[in-house]
Every structure is written in structure tokens, then in C-alpha cells.
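Q: Handing you this structure, nothing more for now.
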Amino acid sequence: MRRGHLDSLRRNPGGTLARYRIEEYVRWEDIDAAGIINYQAYLRFFALAEAEMLRSAGLHYGFLVEKLGIWLPRVRVECEFYRPVKLDELLVVETFFSRIGRTSIHLDFAVRRKASPEEIVATGKYVLVCVRQGDFQPIPVPGELRDRVRAYVEPPSSGGTSPGP
């Protein structure tokens with residue numbers, strides 16, 4: 001049950017919507033012997049949220065590769081775990097851009113239980129670098145990519161992914 005949508009409760013300073021959300025159940029293959037979510041499952045959730053957010057902005061991978069001629073490899077992946085999550089819990093993964101630099105993009109994630117959305121169970125971050133196909137040399141983030149993801153940019157100082165007290 002994967003559904004994606006813009007989060008109407010969060011807005012960036014310009015007043016436009018800033019976060020994209022998907023919902024995904026914790027599946028059997030996501031848990032470990034202790035019966036809780038395995039750390040690597042969060043990377044699957046992050047990848048789903050990233051792909052669906054980019055698709056919603058008209059930036060499916062085919063467009064990035066074939067039209068813009070770029071790849072966006074991850075050069076850094078972070079994940080912090082705050083609360084255990086169990087099999088069949090429905091999670092909401094919020095994603096947004098906290099920074100778009102000259103050649104890099106920072107993509108942040110906040111994971112919550114659908115049943116208790118006030119509590120963050122995990123956070124994550126990707127740093128992606130825009131590279132030219134073939135030689136993997138960093139290049140400036142294309143203006144068209146910047147324009148299409150503008151609605152998902154949220155400054156990191158907004159308290160975005162911190163779990164709070």
C-alpha cells in the first residue's frame with residue numbers, strides 16, 4: 001500500500017508545499033531476528049520516497065538520464081533510529097530537500113508511524129552529487145531540476161528531521 005502525496009501541513013518559506021510523503025508497511029523481509037525493523041529496510045523506504053517524489057515533480061529516472069544526461073549517485077547516506085518498529089506497522093516517510101548546492105543535493109527523510117504521527121521513529125539523509133554520464137565528473141545541478149523540485153525545498157533550520165525531546 002504505497003501512496004504518495006504532498007504534505008499539506010508543511011510549507012516552505014515561500015508558502016508552497018515542501019514535503020512529499022509515502023506510506024509503506026513494514027514487511028517480513030524488513031525485520032530481523034528480534035522482530036523489529038532492520039536498519040537496511042529504512043534505505044528501501046528512503047529509496048521509494050525519493051523515487052516517488054522525483055516522479056511527482058516530473059523527474060523520473062528516465063528523464064534524468066535520457067533528457068538531462070545526468071546521474072545522481074549518493075556520496076553520503078545517514079540514518080538515525082529513535083524507536084523500534086515492528087512487522088505490519090504502517091509507516092509514513094516524509095522527504096524533502098534541505099539544500100541544493102552547486103553540484104550537490106541534500107535529501108532528508110523523517111519516518112513516523114501512521115498510528116502516532118507526532119513521534120519520529122527514524123530520520124535519514126542522502127547527499128547526492130550531480131555527475132555527467134560516462135565520466136562521473138561533478139557538474140552543476142541543472143536549472144530544470146532546480147525548478148521542478150522547488151516545491152520540496154525546506155531549509156534545514158525548520159527543525160525538519162530532529163526527533164525532539
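Q: Can you tell me which residue among Val77, Val141, Val149, Val92 is at pLDDT 95 or above, buried (at least 16 other Cβ atoms within 10 Å of the Cβ), of a type in the set (Val, Ile, Thr) and not in a loop (DSSP other than H, G, I, E, B)?
A: Val92
Q: Being closer than 24 Å to Ile37 by Cα and of a type in the set (Gly, Ala, Ser) is the filter here; which residues of segment 48-92 pass it?
A: Matches in segment 48-92: Ala49, Ala51.
Q: Which condition breaks for Phe109 when tested against (1) buried (at least 18 other Cβ atoms within 10 Å of the Cβ); (2) within 29 Å of Pro140 (Cβ to Cβ); (3) over 11 Å from the mean Cα position of the chain (by Cα)?
A: (3)
Q: Kindly list the number of the only condition in (1) crowded, with 16+ Cβ neighbours inside 10 Å; (2) of a type in the set (Asp, Glu); (3) over 22 Å from Val111 (Cα atoms) that fails for Glu52.
A: Single failed check for Glu52: (3).
Q: For segment 126-138, give me the residue count where each residue is assigned to a loop (DSSP other than H, G, I, E, B) and more than 21 Å from the chain's Cα centre (by Cα).
A: Qualifying residue count, segment 126-138: 5.
The values are calculated or read from the model by the stated rules, or taken from the named source; none is laboratory data. All values reported here derive from a predicted model rather than from experimental measurement. Here Cβ is always computed from backbone atoms with ideal geometry, including for glycine, and neighbour counts include all displayed protein chains.
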